[in-house]
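Below: one structure, written as structure tokens.
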Amino acid sequence: MSGKECWCWDNVFDNNYDEIEPESFTLPSPIPQWSQGKGFGNGKICLGEIEVARITKFTKIWSCCPLFGKSKSVSFYKPDEIPQGFSIVGHYCQPDDEKNITGYVLAVKDLSTDQKPKKPLQDSTSKLPALAKPTNYTLVYSPNALFKEVGYVWLPNAPVGYKAMGFVATVEPHEPNVNEVRCVRADLTESCEACEVVFSYNSLLSKSQFRVWKTRPCERGISCRGVSVGTFFCSTSFTKGDDLTIACLKNLDSSLQAMPNLEQVHALIKHYGPTVYFHPNEIYLPSSVEWFFKNGALLFEDGKNNNGIAIELKGANLPAGGRNDGKYWLDLPSKDDVNRHTVKCGKIETAELYVHVKPAEGGTLTDIAMWIFCPFNGPATLKVGWLNLDLKKVGEHVGDWEHYTLRISNFSGELVSVYFSEHSGGEWVDARDLEFIEGNKSIVYASRNGHASYPHPGCYLQGNTKLGIGARNDCAKSKYYIDSSSKYRIIAAEYLGEGTIVEPPWLQYMREWGPTIEYKSGSEVDEIIKHLPYIFRFSAETLVELFPNELYGEAGPTGPKEKNNWFGDERW
């Protein structure tokens, strides 16, 4: 592994954005030909009465570039190279400082127009066709003299019984042709919400504002059917939380035919599985769950004065199901056991990634969540200005579950993004911003002691970054690593049907994997604060508020299946 050259895909592009017309991003290596299956990687996905295709080729229409202020410019694009028989539902928008086109827009096709129409998967109470032209358009925004270019943004007005899916941009002041886009019958749609801001402009001179957002389905998770169409939402008066004037699609195909079969899942993991690097100074390394049990982990029950119960190799004697009611917890071997320190430090040679495969966005995407287990989470290191303070106990807890998630497009089998779980939150990182180590395999950096996942090496501060105060998360390459493309085990994939994947007994344990630890007033942190240099003239109470809550009390973490992102979407 140490002989492999590591590089970041971003580095191969010029930084002069004005001279480069963005092109669609491509992964470092070609995508393989996936084995045959129902519908995965076929380029088109059936959603019931309509079929969708993913469009990634665009023609630029105009750029919204303010002459004054700090607002960055964005450009509006029209989808190009539309498959025969398909129609677009709206245009695309992206900031101009991005070097690649990373988004998409879905094109739609009414399956009843086929010569051999497919039988609808759900009886419709409406005789209306699935798609319809807008009746006309409403002008949403046109820039004034404070912009370099002149252009217009229009909202399609849907006929009764239909929903608009996106907006249309033009350089001409008259309404677009009604043939430009299609609206979708309302029962084939889901509500969507504004999420990431693409562009924001406020003018004190003209008292005007204009904002553009990306959108996503309001309801997201394994059982949710909403499908993003890739278009944008824009407004001059919208407040986040208001109902949007556009919708997203709904997948009415309950069979989720575009999801990968088991053979394809293995192929995806082998092709994209990241290498997880631990810090060179990491003491508390991962292990397999079975190694943890085999080497003396104990089960305790509340109210019983006992020395703990040894756990069977696969966890068959753990209480299964229910909820985390605090009645049971796991712990390391007893303090008088010479094996306690060994177990605390883990054994990376036995470690493997535990994989949960699940549908996202109505089965148009596949999420491959990869969980890693560490027997122990080490103490925190505080950063206060230029000072770094290693704590002795605060931040410690037994049993540490962390994960990252690969998001795959079911249209092509292409890696779209990776979610990095970072303590109580996390972030999605586009594939173009990942660090690749070999082919299309990226790198995940696990932070020292805490094992949170990050996309690049460095120090990530958990606290107040402006003041430089918080808990350090240090990431770097080392000789300690796990190649998840080979060291993995699939533990769950509900959509494949009962019996396809046998879940291990320990996965059904919904209680805590470590005892609860509380750090009350007078703890290490409070003592350290009292001895800080004079320059830090915060009161102890004020400074404490800047540190993460995790430093002041550690409940033993629950296992993967008890986390809300097991059945839901990631926290973002």
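The values are calculated or read from the model by the stated rules, or taken from the named source; none is laboratory data. All figures in this text were calculated on a predicted structure; none of them were measured in a lab. Cβ sites come from the backbone with ideal geometry, for glycine too, and all protein chains shown count toward neighbours. Please note that ligands, DNA and RNA were not included when accessible areas were found on the heavy atoms of the full protein model with its side chains. Shrake-Rupley method; radii C 1.70, N 1.55, O 1.52, S 1.80 Å.
Per-structure values
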{"read-out": "Approximate spin-label separation GLU349-ASN464, in nm, with each point projected 7 Å along Cα-to-Cβ", "value": "4.8 nm"}
{"read-out": "Solvent accessible area, Å² - ASP80, 1.4 Å probe, full protein context", "value": "60 Å²"}
{"read-out": "The stretch 262-562, Cα convex hull volume normalised per residue, Å³", "value": "150 Å³"}
{"read-out": "Considering only the stretch 262-562, percent of DSSP beta bridges that pair antiparallel, nearest 5", "value": "85 percent"}
{"read-out": "Subset of LYS392/LYS561; LYS270/LYS347; LYS327/LYS561; LYS127/LYS358 violating a 26 Å alpha-carbon distance limit", "value": "LYS392/LYS561; LYS127/LYS358"}
{"read-out": "Among [x] 1.35; [y] 1.07; [z] 1.18, the entry that matches Cα Rg over 2.2 N^0.38 Å as calculated here", "value": "[y]"}
{"read-out": "Degrees between helix 262-272 axis and first principal axis of the chain (Cα, 0 to 90, nearest 10)", "value": "80 degrees"}
{"read-out": "Sequence of ILE55, ILE222 from largest to smallest accessible area, 1.4 Å probe", "value": "ILE222, ILE55"}
{"read-out": "Carbon/sulfur fraction of accessible area - the stretch 262-562, other protein chains in place, 1.4 Å, %", "value": "50 percent"}
{"read-out": "Within the stretch 238-280, backbone nitrogen closer than 20 Å to the virtual label 7 Å beyond the Cα of THR135 toward Cβ", "value": "244-247"}
{"read-out": "Farthest positive-ward along the chain dipole, Cα basis, beta-carbon charges - from ILE372, VAL394, ILE283", "value": "ILE372"}
{"read-out": "Amide H contacts under 5 Å for VAL140, placed H, 5+ residues apart", "value": "VAL153, TRP154, LEU155"}
{"read-out": "Accessible area per residue, Å², the stretch 262-562 with all protein chains present, probe 1.4 Å", "value": "40 Å²"}
{"read-out": "Distant-in-sequence amide H partners of VAL444 (H built 1.01 Å from N, under 5 Å)", "value": "THR275, VAL276, TYR277"}
{"read-out": "Cα-based Kirkwood hydrodynamic radius, the stretch 398-502, one decimal, Å", "value": "15.7 Å"}
{"read-out": "Within the chain, longest stretch clear of exposed trypsin sites (Lys or Arg not before Pro) (DSSP loop, no more than 11 other Cβ within 10 Å)", "value": "208-303"}
{"read-out": "For the stretch 263-287 versus the stretch 361-393, the gap between their alpha-carbon centres in whole angstrom", "value": "15 Å"}
{"read-out": "Charge dipole (debye, nearest 20) of the chain; +1 at Cβ of Lys and Arg, -1 at Cβ of Asp and Glu", "value": "420 debye"}
{"read-out": "The stretch 211-235 and the stretch 430-471: distance between their alpha carbon centers, rounded to Å", "value": "27 Å"}
{"read-out": "Antiparallel DSSP beta bridges within the chain, percent to nearest 5", "value": "90 percent"}
{"read-out": "Residue-averaged [θ]222 nm for the chain, counting only DSSP H segments that reach four residues, each worth -39500 (n - 2.57)", "value": "-1500 deg cm²/dmol"}
